[in-house]
1. Pick from ALA45, ALA232, ALA112 the residue whose mean-square fluctuation is largest in a GNM of the chain, springs joining Cα atoms under 10 Å.
2. Could you identify which residue out of ILE254, ILE136, ILE187 has the top mean-square fluctuation in a GNM of the chain using Cα springs shorter than 10 Å?
3. Find the relative contact order for segment 223-322 and round it to a whole percent, using C-alpha pairs within less than 8 Å whose residues are 6+ positions apart.
4. Calculate, in nm to one decimal, what GLU178 and SER310 gain on full extension: separation in residues at 0.36 nm each, minus their alpha carbon distance.
5. Tell me the angle of helix 291-320 to the major Cα principal axis of the chain, expressed in degrees between 0 and 90 and rounded to the nearest ten.
6. Convert each backbone phi in segment 73-78 into a coupling constant with the Karplus relation 6.51 cos²θ - 1.76 cosθ + 1.60 (shift: θ = phi - 60°), then list the ³J(HN,Hα) values in order as whole Hz, x for Gly and Pro.
7. Using the beta-carbon distance between GLU282 and ALA232 and R0 = 30 Å, what value does 1/(1 + (r/R0)^6) give for FRET efficiency, to the nearest 0.05?
8. Just to be sure I understand the model, the point goes 7 Å from the Cα along the line to the Cβ. What's the resulting ASN72 to LEU186 distance in nm?
Amino acid sequence: MQKTILSGVKPTGRPHIGNYFGAMRQFVELQNEYQSYFMIADYHALNLIQNAKEMRELSLDVAIDFLAIGLNPKKSIIFKQSDVPEHTELAWIFDTITTVPYLKRAHAYKDAMAKGGEEDVSAGTFTYPMLMAADILLYDTDVVPVGQDQKQHIEFARDTAEKFNRIFSGSTSLTTGEIFKLPEALIIKDVETVPGTDGRKMSKSYNNTIPLFASDEEIEKAVMSIVTDSKAEYPENVFYIHKLFRSVAELDKIYEENKGKYKVLKDILIEDLKNFIRPLRERREEIAKDLNFVQKVLAEGKERARAKASQKMIAVKRAIGVI
Ligand code: ADP
Ligand code: TRP
């Protein structure tokens with residue numbers, strides 16, 4: 001039987017090359033082999049985006065981004081999380097079998113605590129991993145392609161599936177066997193974490209990104225702002241980003257020939273980025289002209305995702321004994 005993948009992207013701002021090389025690029029290749037679900041995680045984003053206009057625009061933007069990178073709605077199911085209410089329904093059920101100390105181990109929660117302290121952490125941020133577990137487990141997902149930083153969330157989903165199966169399987173004559181499949185993360189080894197212009201993880205929240213659909217001017221500005229260590233033989237942060245576009249052997253040669261000439265090296269990176277981004281940006285501009293088409297893709301995605309999720313919820317509800 002064909003295996004299933006599912007992944008999600010939060011509509012919290014423009015995607016960057018870290019998102020692309022860490023996660024999104026894999027989606028395009030994987031859709032040919034797997035039954036594929038790609039989700040706009042708007043309810044996850046609600047922890048951050050609390051403005052209707054922004055939420056609407058950013059969610060539609062992710063749909064356009066998905067199509068622009070090459071997701072094909074004939075092959076993949078592209079949908080919005082909020083269009084399938086089974087996600088939040090199942091998340092509640094998971095909340096009831098999960099303990100507070102377990103959720104306190106989540107990196108996202110720890111980061112939020114480190115930033116603002118308990119006062120500023122929403123209950124939604126705290127239970128975030130359970131909504132994500134629901135996203136994944138509703139579709140009998142085998143594989144979840146994500147960046148390294150999401151690995152723990154997939155483990156949480158796996159643990160939650162095991163726990164649910166242990167507690168509820170066989171608890172009703174209507175259910176046979178296990179309810180949830182145990183998912184696995186798929187992480188590209190070579191890329192792992194793409195560094196940002198300041199050398200930290202590239203992230204929307206650090207203001208250190210190179211946007212995936214950047215204009216030529218934005219590319220120039222971002223590369224020029226890459227922090228370099230004036231004592232080093234070659235600019236490490238430039239090199240790490242450059243590695244996404246050329247082989248290490250090729251780069252070693254270029255960086256050796258231009259030792260100490262940071263401006264020249266940055267200019268080469270700028271050209272490589274421009275050549276890579278231009279066709280993607282142009283495709284995105286075309287798609288953004290036909291928003292009816294984008295809405296149609298989401299409407300179809302909603303129907304197809306719900307068909308699967310609602311079946312799964314019936315099995316879950318039987319297992320817990322509410323029907
Ligand atoms: P951000 O940190 O910019 O808010 P998200 O949390 O929205 O990014 O991540 C979306 C996807 O992109 C996730 O699967 C995540 O693991 C991946 N990702 C994000 N930043 C990077 C990075 N710097 N390197 C590799 N993958 C990344
Ligand atoms: N938490 C993920 C992120 O920050 C987004 C996400 C939500 C997701 N639900 C998912 C990823 C399900 C994979 C599978 O990027």
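The values are calculated or read from the model by the stated rules, or taken from the named source; none is laboratory data. Treat the numbers as computed from the prediction; the structure is a model and nothing was measured. Virtual Cβ from ideal backbone geometry, glycine too; neighbours counted across all protein chains shown. Accessible surface areas use protein heavy atoms only, side chains included; no ligands, DNA or RNA. Shrake-Rupley method; radii C 1.70, N 1.55, O 1.52, S 1.80 Å.
1. Answer for the Gaussian network model of the chain: ALA232.
2. Evaluated over the chain, the most mobile residue of the options is ILE254.
3. 20 percent
4. 45.8 nm
5. 40 degrees
6. Taking θ as phi minus 60°, the curve returns x, 7, 9, 10, 8, 10 Hz for segment 73-78.
7. Approximately 0.25, to the nearest 0.05.
8. Here the answer is 1.6 nm between the modelled labels.
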